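All remarks here apply to the structure that follows.
The values are calculated or read from the model by the stated rules, or taken from the named source; none is laboratory data. Here the structure is a predicted model, which means the values were calculated and not measured. Quick reminder, even Gly has a Cβ in these numbers, built from the backbone with ideal geometry, and neighbours come from all protein chains shown. Calculation scope for accessible area: heavy atoms of the full protein, side chains included, ligands and nucleic acids excluded. Shrake-Rupley method; radii C 1.70, N 1.55, O 1.52, S 1.80 Å.
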There are 2 protein chains.
Amino acid sequence: MKDKIMQTSIQLFGKKGFTETSVQDIVNEIGVTKGTFYYYFTSKDELLAMIHYEFINNILDKQEEVLNNPNIDSKEKLDQIVKVLTYEIKHSAQSARIFFREMRHISEEHLAKISPKRHQFRKNLEKLVTDGMANGEFQEHVRPDILSYAILGITNWSYFWYDPSGPIKEKELAEGYVEFILKGLLK
Amino acid sequence: MKDKIMQTSIQLFGKKGFTETSVQDIVNEIGVTKGTFYYYFTSKDELLAMIHYEFINNILDKQEEVLNNPNIDSKEKLDQIVKVLTYEIKHSAQSARIFFREMRHISEEHLAKISPKRHQFRKNLEKLVTDGMANGEFQEHVRPDILSYAILGITNWSYFWYDPSGPIKEKELAEGYVEFILKGLLK
């Protein structure tokens, strides 16, 4: 039921907006009482925080699984992480967009659980770049923090424009990103 | 006065949110009457649309000035466009973020003026990449549309994380982006 409430809310927040969607709207949609909602969540704010917490926790787990694989080099790790992020769009674009839009509505207390996870994801990427420089795979031309933000910008921006049912296939998008990140534009 | 209303609203929308800010709040902040507001704007929705229209129109003008310069190659055009976008953050981050967050509140009628400008900006970038491939400056490894979105992702994402008063100077950020976009990570 908890998951059902979260999934239904993602749809409603996406369609009507967070502020405009009431707890009553959510429970009406599922056909349960407000009591059921408050059994799982103390507030709409907590629900919003949980939606994003699950999203970030999930991709952080997948990222760390890739990073902890001792059998692949930095280039291959980067390749796999970009693919994790790109393939996640189909399932999580709505909840990611809601997070970026409604972050203001999340209390300090709830943000305090989410922000370290987001920070960790970005720092892991920075470390991957730094390691790749140290082991001679990557150029040392730009600050690793700037590079980590640039890579995240490419993948995160997809959540705003990319339509997995459109003309660009997920595989082509992910492979194009990796190619561009590794080789750049210049001949 | 029109500009003053727009600037004040950007601050208020950023602080309190678009839905939560009333026309009364805006005119109170400036010390004028609602009549003054409605002399310039038919609604808060129109005001929000105008804020973004001015932003996108301004960077589109600057982009086209660079693209129409016959004396520089594709690499140099890309360099200058990335710098236009990065240097704009200090002045426009707040209004860009508000746009992304509140887009849902902009009517079809107003979006119809903004969307073609946004589309044009992205298409111009795609054409720059295509031209650079045709003249032999850029590799033909990835679809130009994917590349244009990737480049926009890097710069647009800065509007969400970059703090011009923080440790990374604007010049270092813009030059780092250009270096990465042109050369990629791999040695």
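A:GLN120 meets all of the listed conditions (1) in contact (Cβ under 8 Å) with a residue 40 or more places away in the chain; (2) surrounded by fewer than 16 Cβ atoms within 10 Å (Cβ to Cβ); (3) in contact with a Lys or Arg (Cβ under 9 Å, 6 or more places away or on another chain); (4) not charged (D, E, K, R) but one, namely (3). Of the listed requirements (1) farther than 21 Å from B:ILE98 by Cα; (2) not hydrophobic (A, V, I, L, M, F, W, C); (3) not assigned by TED's automatic domain parsing to the domain that holds B:ILE114, B:GLU65 misses just one: (3). Give the residue that is farthest from the other protein chains (Cβ to nearest Cβ), with candidates limited to residues of segment B:129-161 that are among the aromatic types (Phe, Trp, Tyr) and either crowded, with 19+ Cβ neighbours inside 10 Å or closer than 13 Å to A:ILE154 by Cβ (or both). Here the answer is B:TYR159. In the set (1) farther than 15 Å from A:ILE151 by Cβ; (2) in contact (Cβ under 8 Å) with a residue 24 or more places away in the chain, B:HIS141 fails one condition alone, (2).
Being touching a residue at least 24 places away in the same chain (Cβ under 8 Å) and more than 19 Å from the chain's Cα centre (by Cα) holds for only one residue in B:PHE18, B:PHE13, B:PHE37, and it is B:PHE37. Of the residues A:SER92, A:SER74, the single one that is under 10 Å from the mean Cα position of the chain (by Cα), assigned by TED's automatic domain parsing to the domain that holds A:ASN135, among the hydroxyl-bearing types (Ser, Thr, Tyr) and open to solvent by less than 30 Å² (accessible area, probe 1.4 Å) is A:SER92.
Does B:ILE10 satisfy the criteria of being aliphatic (A, V, I, L, M), outside the structural domain of B:ALA93 (by TED's automatic domain parsing), open to solvent by less than 60 Å² (accessible area, probe 1.4 Å) and modelled with pLDDT of 95 or more? No, not satisfied.
Highlighted here are the helices (runs of 4 or more DSSP H) found entirely within segment B:1-106 that include at least 3 residues which are under 30 Å from B:GLY132 (Cα atoms), touching a Leu at 6+ places or on another chain (Cβ under 9 Å) and within 14 Å of chain A (Cβ to nearest Cβ): B:74-102. Within segment A:101-113, if we keep just the residues that are of a type outside the set (Asp, Glu) and touching a Phe, Trp or Tyr at 6+ places or on another chain (Cβ under 7 Å), the residue that is least open to solvent (accessible area, probe 1.4 Å) turns out to be A:HIS105.
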